[in-house]
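Undergrad: Below is a structure I'd like to ask you about.
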Amino acid sequence: MATEKNVTQPESTRQVTQRNESAVRPPVDIFESADGMKLVADMPGVSKENLRLQTEGNTLTIEGELEFPMADKMEALHADVRSRLYRCSFVLSSELDTSHIEAILKDGVLAVRIPKRAELRPRRIEVQNG
């Protein structure tokens, strides 16, 4: 789990979106390495087209909308889903470089990599003969 200096806990579990539909906070794992942070969020049913990642200041917001594709002339009678919307936000440390965030969505799992600023990454200093 990340230290408090890098990422604070997400906003409350349930948020109200612009469409007045409550959103569910997806399960998120946070990993820290010498090079930066990695967030892994479970967002089954969300396609790349319905996924939005945004940074504003030092806040990263992840939003996604579930798709329920239905075959022609089929109608859902029941869906055991609390909400069609996922949403969570994280306050990022100033040591992270938000201009180089990378995100990959594969099989309903979103992986977000946020590198540390280059000047803060550990680097090896080569010693020369005198």
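The values are calculated or read from the model by the stated rules, or taken from the named source; none is laboratory data. Since the structure is predicted, the reported quantities are computational estimates derived from the model, not experimental observations. We place every Cβ from the backbone using ideal geometry, glycine too, and count neighbours over all the protein chains shown.
Undergrad: Quick one: which of PRO115, PRO122 is touching a helix residue (DSSP H, G or I) at 6+ places or on another chain (Cβ under 8 Å) and either more than 27 Å from SER22 (Cβ to Cβ) or outside any strand (DSSP E or B) (or both)?
TA: PRO115 is the lone residue from the list that is touching a helix residue (DSSP H, G or I) at 6+ places or on another chain (Cβ under 8 Å) and either more than 27 Å from SER22 (Cβ to Cβ) or outside any strand (DSSP E or B) (or both).
Undergrad: With the condition kept exactly as written, say whether any residue in the stretch 79-89 is over 16 Å from VAL24 (Cα atoms) and not charged (D, E, K, R).
TA: no
Undergrad: Also: Kindly check whether there is at least one residue in the stretch 63-84 that is at pLDDT below 95, surrounded by fewer than 19 Cβ atoms within 10 Å (Cβ to Cβ) and in a strand (DSSP E or B).
TA: Within the stretch 63-84 (the criterion being at pLDDT below 95, surrounded by fewer than 19 Cβ atoms within 10 Å (Cβ to Cβ) and in a strand (DSSP E or B)), the answer is yes, since at least one residue qualifies.
Undergrad: Which residues, taken from the stretch 93-130, are under 22 Å from VAL46 (Cβ atoms) and of a type in the set (A, V, I, L, M, F, W, C)?
TA: Hits for the stretch 93-130 are ILE101, ALA103, ILE104, LEU105, VAL109, LEU110, ALA111, VAL112, ILE114.
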